[in-house]
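Visitor: Take this structure first; my questions come after.
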Amino acid sequence: MAVGARSERDEPEEKPDPAVEEKNEDDAAEAQPHRPFWKELPLLIGIALVLALLIKTFLMQAFSIPSDSMQNTLQRGDRVLVDKLTPWFGSEPERGEVVVFHDPANWLSGEPTPQPNLVQQVLSKIGLMPSADEKDLIKRVIAVGGDTVECKKGGPVKVNGKELDEPYIYPGDTPCDDFPFGPLTVPEGKIWVMGDHRQNSQDSRFHQQDSTKGFVPVDKVVGRAVVVAWPLTRWSTLPVPDTFDQPGINDKKAAAALGAAPAALGLVGAVPLVLWRRRRLTVRSAARDRRG
């Protein structure tokens, strides 16, 4: 038989025994020592910190309420969770939402800023504690770009001609008796904000002489406060009140036309008066010419 040729009666190859293989794998696993937990702990902490940082940057962030301007909806010292995700998808603040925003025009001038220690600084950077060194405010959105908003002394706040029923206002407060305003038209890309504790809130009404004229740019908004997370006894959500869903409140064109109506009526009334005056002057001039 030629060298290298195989016989038709070659013996079949022996197959390994599965039981032996399984035993060998178990022996190998037992031979590898398990890492002590204290060696894995730094890795777990690192992963947790990275996840916390990502959540703070893109999803949620905790904020502490520094004042009484949003009572009784929010109390001083409450911790709220702010939704930072939806603005990434182009969502803009809506009427009735409670929002956190960066100081738009030095509104907090003269207000003391707490000095956090090193641990608080680190924890706030990764979102495990509310930010203490940033100058942020929290208010309720009353009107958005294109809306007409006003409030006369003794009356309610009106948005696009619709009166707001505001059960969230601090008991004993009035809608705006301390600082009436309007009517004003909110520019596109801006919002008009007010505190729920109206007589204890330096909101849009008090900053109409600033560079922003009291309006908050949308790009200054950090996000919407959605939950009171701490203390646990005050845990609650922050929904949009029903008054902002009433029919007709979205009719910005109608509100603009309503605001322009007095001017239009004045123009219509002025035209006959001007024509009458011109005719009278013409008659007088002709009479003088005849006498001359």
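Visitor: If Asp178, Asp242, Asp78 are ordered by their accessible area, calculated over protein heavy atoms with a 1.4 Å probe, which sequence runs from highest to lowest?
Guide: Putting Asp178, Asp242, Asp78 in descending order of accessible area: Asp242, Asp178, Asp78.
Visitor: If we count every other residue with Cβ under 10 angstrom of Lys220's Cβ, Lys/Arg +1 and Asp/Glu -1, where does the sum land?
Guide: Local net charge: -2.
Visitor: Run the numbers for Thr233 and Asn72: contour at 0.36 nm per residue of separation, minus the present Cα-Cα distance, in nm.
Guide: 56.5 nm
The values are calculated or read from the model by the stated rules, or taken from the named source; none is laboratory data. Worth saying up front: this structure is predicted, and the values here are computed from it rather than measured. Positions of Cβ are generated from backbone atoms using ideal geometry, with glycine treated the same way; all protein chains shown enter the neighbour counts. Note: accessible area is taken over every heavy atom of the protein model, side chains too, but ligands, DNA and RNA are not part of it. Shrake-Rupley method; radii C 1.70, N 1.55, O 1.52, S 1.80 Å.
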